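First up is the structure itself, then whatever we jot down about it.
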């Protein structure tokens, strides 16, 4: 595009010495103005300057097909939205005007109301588009091309060539008009457009909407399209005689899915749950033929879900602001955003990124005089307590354990903001829990409800709460029904029935995975260490706490009692041998690992050791995230118990203790085999080299 902005002219311009003729002013006000505007430079014309009629709106290429004698004419036009006529008014000029290769031409025009003459701006992309179309059209008689902008296709043979060519070239980028008497001879490709106009209902968790289907000048009803697609016919025949081939039926099926999840209020007016809308916000980003137009609230919902937080998030207390890392604050903002819109979600950060503190930050921000519930594995009860104490989070809490009477008393305490309870106890206390008014219910290691038929899973889903959150580094361990179970807890019905879920997302291997990602993504946040590595320290230590198993506790107290009687309060105490004290301390440590190490009569089963049960959970979680794990123990006998447990679990591992002969081979096997994730090592052997 030629711009009369030489260095000389620019100098004159800034010195207010540039004079532009009336003829050149037309070029400046259109071509120069538009090119400068692209660079953020604006050209203002004084209102007193009178210009001839200039049309600079965005044109579209349009072809019209009509018969002429025994031949058939393809006429090309440039159609401009009229800046003067009523909305929808068009001005047409011959497409052949592009032969001058000028961005500004003067031409006669016609419209529905008048004819006239004006200057027309032709954007650069129109030349490229027209050139590409003419190159792909079949050979034709061009005797009327320059004067009338028409190509002549002779006889039925020419018509057949034109029919095939236009079907292949049909595009939303240009328009095609076929006169009524020829419509039965052409098949038109339709890029179906779906538009949903949504608005928030009076009920906070619902929205109402209208849906429309169209393509250029065509419009369709839901019933019309539904009948067509159910008929399995290839072409849609319209009442005005057109034959249509819909190239993107998936947009109709997506809208049909929403309608099937909705209630009909009136003709073409439906009502659906708010949780249905985020899926279509995401689908709209992938498919421009599908549009959702919402009111201010629903538009803001789409914006917030896309960016993962609201414009303003309740600030964290100062002591948490200094402790929490950037990605953890982002996780807190995401949780608070879901809370505002009454939506549930899965915080699926990789193990070790601090899911617990992000959840605790949300709980501490809950309204005064509300209570919340965390359900976690028994081995993590004291981890939650330790996190609260470690970071001095101002949350009055109770760990719900003990006998039935004790648990009932604990759950009835009105001064507690957070109850922490294990999955094993929930089922026994469901009668009390289902009647409590909870602000948050949070499932830690939420994969524990993966068994949809388990009584525990059913019981947890019966607990009512205003807001729900799931924490898990492995939302899917074995199959996708586990994900369904978690979402069924978070937002019941969102993924349909289990039978429908299997049909739509598991059995449909072609489209199911993509649709499932789209439907779960708005409510799932996952970060892995490599994404936030810059915010992590070089080394991170995490202490996992667990309470002694009753068998361990009993044996532990017996050893302490024996030490006190024999070593501290006996006549021989004055000649106390510290070797005996160290032996007693070693025995206490062995009991903490597994009571079998101190008393061979106790079977080396996992159930007898809380620490071994916790180790199994940590290993499963880490392996599920694809990590390699080193398990050290000072006691070789403990490693033997762990080996037996892992063998029963069919876990593959490398092993090394003081008797190992092939140490380097085992190390290399562990390092080089990505499938080998576990390495059991005695502390003395592993600490050498």
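On the basis of the beta-carbon distance and an R0 of 35 Å, residue 9 and residue 143 show a calculated FRET efficiency of 0.20. Spin-label model, residue 526/residue 499: points 7 Å from Cα along the beta carbon direction are separated by 3.0 nm. Between residue 544 and residue 478, the FRET efficiency estimated from the beta carbon spacing at R0 = 35 angstrom works out to 0.90.
Taking every alpha-carbon pair under 8 Å whose residues sit at least 6 apart, region 58-180 reaches a relative contact order of 31 percent.
If one takes the longest principal axis of the Cα atoms in the chain, at what angle in degrees, from 0 to 90 and to the nearest 10, does the Cα axis of helix 481-490 lie? That helix lies at roughly 90 degrees to the long axis. What separates the Cα centres of region 191-218 and region 21-84 is a distance of 34 Å.
Under the classification rounded if a/c is under 1.5, otherwise prolate if a/b is larger than b/c and oblate if not, where does region 429-548 fall, given a ≥ b ≥ c as square roots of the Cα gyration tensor eigenvalues? Intermediate values should be presented prior to the final figure.
Numbers: a/c = 1.94, a/b = 1.08, b/c = 1.79.
Here region 429-548 falls in the oblate category.
State, as an integer percentage, the relative contact order of region 325-416 based on alpha-carbon contacts under 8 Å between residues 6 or more apart. Relative contact order for region 325-416 comes out at 22 percent. The calculated FRET efficiency for residue 37 paired with residue 128, based on their beta-carbon distance and R0 = 22 Å, is about 0.60.
Available extension along the chain between residue 510 and residue 182 is 114.2 nm, counting 0.36 nm per residue and deducting the alpha carbon span. Counting every other Cβ atom within 10 Å of each residue's Cβ, 309, 392 order from fewest to most as 392, 309. Once the Cα atoms are used to define both axes, helix 610-624 deviates from the longest principal axis of the chain by about 20 degrees. Of [x] 35.2; [y] 30.1; [z] 32.3, which one was derived for Kirkwood radius over Cα pairs in Å from the structure shown? It is the one labelled [z]. Our Cα-only numbers for region 550-686 put the radius of gyration and Dmax at 18.1, 60 Å. Across region 550-686, Cα pairs under 8 Å and at least six residues apart give a relative contact order of 21 percent. Extension gain, residue 464 to residue 675: 0.36 nm times the residue separation minus the Cα-Cα distance gives 71.8 nm. Most simply put, the chain has about 50% antiparallel DSSP beta bridges, counting only bridges with both residues inside it. The long axis of helix 277-286 is offset from the longest Cα principal axis of the chain by roughly 60 degrees. Going from the residue with the fewest nearby Cβ atoms within 10 Å to the one with the most, 529, 462 rank 462, 529. One chain, two ends: residue 306 and residue 203. Fully extended at 0.36 nm per residue, the span grows by 34.7 nm beyond their Cα-Cα distance. Between residue 431 and residue 413, the simple spin-label model (points 7 angstrom out along Cα→Cβ) gives 2.3 nm. Of 488, 128, 295, the sequence from fewest to most neighbouring Cβ atoms within 10 angstrom is 128, 295, 488. The label-point distance for residue 623 and residue 660, in a model that sets each label 7 Å from Cα toward Cβ, rounds to 1.7 nm.
Coordinate-derived values only; no laboratory data. The shown structure was predicted, so the numbers you read here are calculated from the model rather than taken from an experiment. Methodologically, a virtual Cβ is constructed for each residue, glycine included, from the backbone with ideal geometry; neighbour enumeration extends over all protein chains shown.
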